[in-house]
Amino acid sequence: MATDFFVEGTERPLIWYYKTKEEEIEYFTSPGLHPTTGETLRKITPYIIQTYVPKHIDRKSSFVQ
C-alpha cells in the first residue's frame, strides 16, 4: 500500500508520529496530542520515513494470506 506523507509538491505533512519509550513509532493522520500520554505529536520528516517506516517489497511472499 502506498502512503502519501506530504501534500503533493510541498513539504506540508499529512502524517504525524509519536515515538514510544520502546522506540516504536505510532502514526496519526492529524496534528495534536497523543491520546494516551497527552504529549504533542511530531510532523513526519524524510529522516523518520527512511529510518522507521518499513519498506514493502512487491512480491507474493510479502502478502498475508
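The numbers here are math on the coordinates, done by the rules we state, and not lab data. Fair warning: this is a prediction, and the values are worked out from it, not measured in the lab. Note that we place each Cβ from the backbone using ideal geometry, even for glycine, and neighbour counts take in every protein chain shown.
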Go through segment 16-26 and count every residue that is in a strand (DSSP E or B) and more than 10 Å from LYS43 (Cα to Cα). 3
I want to confirm something. Restricting to segment 1-44 and keeping residues that are under 19 Å from LYS55 (Cα atoms) and charged (D, E, K, R), which single residue is farthest from the chain's Cα centre (by Cα)? GLU23
Within segment 2-15, restricting to residues that are assigned to a loop (DSSP other than H, G, I, E, B) and among the hydrophobic types (A, V, I, L, M, F, W, C), the one that is surrounded by the most Cβ atoms within 10 Å (Cβ to Cβ) is ILE15
List pairs: first residue in segment 30-51 and in contact (Cβ under 8 Å) with a residue 24 or more places away in the chain and over 12 Å from PHE6 (Cβ atoms), second residue assigned to a loop (DSSP other than H, G, I, E, B) and not basic (Lys, Arg) anywhere in the structure, Cβ distance under 8 angstrom, at least six positions apart or on different chains. LEU41/PRO31; LEU41/GLY32; LEU41/HIS34
Total residues in segment 16-29, condition closer than 14 Å to PHE6 by Cβ and polar (S, T, N, Q): 1
